[in-house]
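Colleague: What follows is a structure written as structure tokens; I'll ask about it next.
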Amino acid sequence: MTRGGRLRWGSLAAVALVFAGLYVRTLALPSSGGFAPREAVPRAASPAAPLHGAELLPNGSAASVHSATAAEISGGRLRAFWYGGSREGAPDVAIYSSLYSPKEGTWSAERAVITRELAQRQLRRSVRKLGNPVAGRDRAGRLCLFFVSVSVGGWAGSAINLMVSEDEGETWNPPRRLVASPFFNISTLVKGAPLQFAGGATGLPVYHEFLGKFGELLRLDAPGRVIRKTRLSWGQSSLQPVIVPRSEAEAVGFMRYAGDPPNRILMIRTSDGGAHWSAPVKTALPNPNAAIASALLADGRLLLAFNNAGENREDLSLAVSEDFGDTWRVVRRLEGDPGSPGAPVAEYSYPWIVQDRAGEIHVLYTWGRSRIKHVHFNTAWLEERR
């Protein structure tokens, strides 16, 4: 290499180091407040008699579907999203949406919200495939849809994009790519529900699969820019964090485990509004390298949806904790009862939990990779003696 070439590379390296330093400094700014837990759900609206229902969401568009997410919108309705195509990771995968009416107890026909081609055109970059969507609201009440896209390689080469709707998901602003890393901005994925901070920021649990498997918590400002990120774990075996606050200072998190046996759900905690997190510890609940979901119910209990097995995704169960995650009781099995009818492919995975403002609990999950299933119930059914 010539002297001029060395000088040019040295200059580029110096610029890169300065940029990285400024980026890290920006993401290390002091916290602007603790969590803003969701307002309490009215409990009187939930009747004492056990209520339970279940149905498969419409799917006339894709041979394979996966990774459901949902948010409550006006009128007590739910808007659900998932991705579907000929197979996971295929170029024809799109993100679909359907609307649930609790009065009629029905889901609308699915429609594509974003396709690979549309994402590529609006993001102005090559997009090879789409992945996990995650729905939630920002502090202004707008419906937000985060989704994974890959421009090069596999899931380790992914990035997160954000779309915003101001009319409950009927129309969407063009997607915008989040900048979560100073170099190449790759290997950031999403699965857990967004949360709110008291200072007005939105929290987004994310994870990485390039040169390690670990979780982070991003903070986004009102326009949806990453202003801070905090490590949740390290190493090669923790991913897909789900975070559940119960006060401004305190929250618990759960992560999928991809390491050596015994295979258990990982748990982390914070007592300072998410500024610092405990090291992940294994709970007593099994985890076959699969996603989990959790929510804080209106009565103060934690609800967890998980695959209650160490090696497969054939059993999908619900557990509750009265002490914010210290101990658990498995109270219901949603899928996997011997002799009960099941999907052609015995996989029930990637659950998502929402408790609506009327107190009803909704769990959505992948049913045999061919449909999304919706199970809804009240707390009386959850604890009903069988």
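The values are calculated or read from the model by the stated rules, or taken from the named source; none is laboratory data. Everything quoted here is computed from the prediction, not taken from an experiment. A quick note on method: Cβ atoms are made from the backbone with ideal geometry, for glycine too, and the neighbour counts reach across all protein chains shown. Ligands, DNA and RNA are excluded from the accessible area calculation, which covers all protein heavy atoms including side chains. Shrake-Rupley method; radii C 1.70, N 1.55, O 1.52, S 1.80 Å.
Colleague: Take segment 293-314 and flag every residue that is open to solvent by less than 30 Å² (accessible area, probe 1.4 Å) and outside any strand (DSSP E or B).
Modeller: Our first condition is that a residue be open to solvent by less than 30 Å² (accessible area, probe 1.4 Å); within segment 293-314, this holds for 293-295, 297, 301-307, 309-310.
Selection gives L297, R301, A309, G310.
Colleague: Taking the condition of being surrounded by 16 or more Cβ atoms within 10 Å (Cβ to Cβ) and small (G, A, S), how many residues in segment 280-292 meet it?
Modeller: Here the count works out to 2.
Colleague: Inspect segment 178-189 for any residue being part of a loop (DSSP other than H, G, I, E, B), closer than 30 Å to T283 by Cα, at pLDDT below 95 and open to solvent by 40 Å² or more (accessible area, probe 1.4 Å) and give the result as yes or no.
Modeller: Within segment 178-189, none of the residues are part of a loop (DSSP other than H, G, I, E, B), closer than 30 Å to T283 by Cα, at pLDDT below 95 and open to solvent by 40 Å² or more (accessible area, probe 1.4 Å).
Colleague: Within segment 315-330, work out how many residues are open to solvent by 10 Å² or more (accessible area, probe 1.4 Å) and not hydroxyl-bearing (S, T, Y).
Modeller: 7
Colleague: From E88, E39, which residue is outside any strand (DSSP E or B), surrounded by fewer than 17 Cβ atoms within 10 Å (Cβ to Cβ), at pLDDT below 95 and of a type in the set (D, E)?
Modeller: Details: E88 fails: at pLDDT below 95.
When all the criteria are applied, what remains is E39.
Colleague: Is it fair to say R256 is open to solvent by 20 Å² or more (accessible area, probe 1.4 Å), touching a Leu at 6+ places or on another chain (Cβ under 7 Å) and either farther than 24 Å from R124 by Cα or in a strand (DSSP E or B) (or both)? Spell out how you get there, then give the answer.
Modeller: On the way: open to solvent by 20 Å² or more (accessible area, probe 1.4 Å): yes; touching a Leu at 6+ places or on another chain (Cβ under 7 Å): yes; either farther than 24 Å from R124 by Cα or in a strand (DSSP E or B) (or both): yes.
Answer is yes for this residue.
Conditions (1) closer than 20 Å to I186 by Cα; (2) of a type outside the set (A, V, I, L, M); (3) open to solvent by less than 40 Å² (accessible area, probe 1.4 Å); (4) outside any loop (DSSP other than H, G, I, E, B), marked per residue:
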{"position": "K103", "(1), (2), (3), (4)": "no, yes, no, no"}
{"position": "R121", "(1), (2), (3), (4)": "yes, yes, no, yes"}
{"position": "V127", "(1), (2), (3), (4)": "yes, no, yes, no"}
{"position": "N132", "(1), (2), (3), (4)": "yes, yes, yes, yes"}
{"position": "A135", "(1), (2), (3), (4)": "no, no, yes, yes"}
{"position": "G141", "(1), (2), (3), (4)": "no, yes, yes, no"}
{"position": "F146", "(1), (2), (3), (4)": "yes, yes, yes, yes"}
{"position": "A156", "(1), (2), (3), (4)": "yes, no, yes, yes"}
{"position": "V164", "(1), (2), (3), (4)": "no, no, yes, yes"}
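Colleague: On to the next question. Which numbered condition trips up D337, out of (1) charged (D, E, K, R); (2) part of a loop (DSSP other than H, G, I, E, B); (3) under 22 Å from G192 (Cα atoms)?
Modeller: The failed condition is (3).
Colleague: What's the total number of residues in segment 42-74 that are open to solvent by 40 Å² or more (accessible area, probe 1.4 Å), closer than 29 Å to S247 by Cα and at pLDDT below 95?
Modeller: Residues flagged as open to solvent by 40 Å² or more (accessible area, probe 1.4 Å), closer than 29 Å to S247 by Cα and at pLDDT below 95 within segment 42-74 amount to 6.
Colleague: Of everything in segment 195-217, what is free of Cβ contacts under 8 Å to residues at least 60 places away in the same chain and β-branched (V, I, T)? Give them in sequence order.
Modeller: Correct list: V206 only.
Colleague: Identify, by number, the condition in (1) surrounded by fewer than 18 Cβ atoms within 10 Å (Cβ to Cβ); (2) of a type in the set (G, A, S); (3) modelled with pLDDT of 95 or more that G199 doesn't meet.
Modeller: With (1) surrounded by fewer than 18 Cβ atoms within 10 Å (Cβ to Cβ); (2) of a type in the set (G, A, S); (3) modelled with pLDDT of 95 or more applied to G199, the lone miss is (3).
Colleague: While we're here: Looking only at segment 348-358, decide whether some residue is among the basic types (K, R) and buried (at least 17 other Cβ atoms within 10 Å of the Cβ).
Modeller: Scanning segment 348-358 turns up no residue that is among the basic types (K, R) and buried (at least 17 other Cβ atoms within 10 Å of the Cβ).
Colleague: Condition first: without any contact (Cβ under 8 Å) to a residue 60 or more places away in the chain and of a type in the set (K, R). Can you find one or more residues in segment 348-360 that meet it?
Modeller: no
Colleague: Something else now. Can you name the strands (runs of 3 or more DSSP E) wholly within segment 194-247 that have at least 3 residues being charged (D, E, K, R)?
Modeller: Values: elements: 202-208, 214-220, 226-231, 238-245.
Strands (runs of 3 or more DSSP E) meeting the threshold: 226-231.
Colleague: Where the second residue is basic (K, R) and the first is surrounded by fewer than 18 Cβ atoms within 10 Å (Cβ to Cβ) and lies in segment 218-244, which pairs have Cβ atoms under 6 Å and are six or more apart or on separate chains?
Modeller: Going by the 6 Å Cβ cut-off, the qualifying pairs are I227/R219; Q236/K213.
Colleague: What pairs come up if the first residue lies in segment 262-279 and is more than 22 Å from L303 (Cα to Cα) and open to solvent by less than 70 Å² (accessible area, probe 1.4 Å), the second is among the aliphatic types (A, V, I, L, M) and in a loop (DSSP other than H, G, I, E, B), and their beta carbons are under 9 Å apart, counting only those six or more places apart or on different chains?
Modeller: The qualifying pairs are D272/A249.
Colleague: Considering segment 105-115 alone, what residues qualify as being surrounded by 15 or more Cβ atoms within 10 Å (Cβ to Cβ) and either of a type in the set (A, V, I, L, M, F, W, C) or in contact with a Gly (Cβ under 9 Å, 6 or more places away or on another chain) (or both)?
Modeller: Of all residues in segment 105-115, those surrounded by 15 or more Cβ atoms within 10 Å (Cβ to Cβ) come to 107-108, 110, 113-115.
Within segment 105-115, W107, E110, V113, I114 qualify.
Colleague: Let me ask something else about it. Which of the numbered conditions does P133 fail, given that it passes all the others? Conditions: (1) within 23 Å of Y350 (Cα to Cα); (2) of a type outside the set (A, V, I, L, M, F, W, C); (3) over 15 Å from the mean Cα position of the chain (by Cα).
Modeller: Every condition holds for P133 apart from (3).
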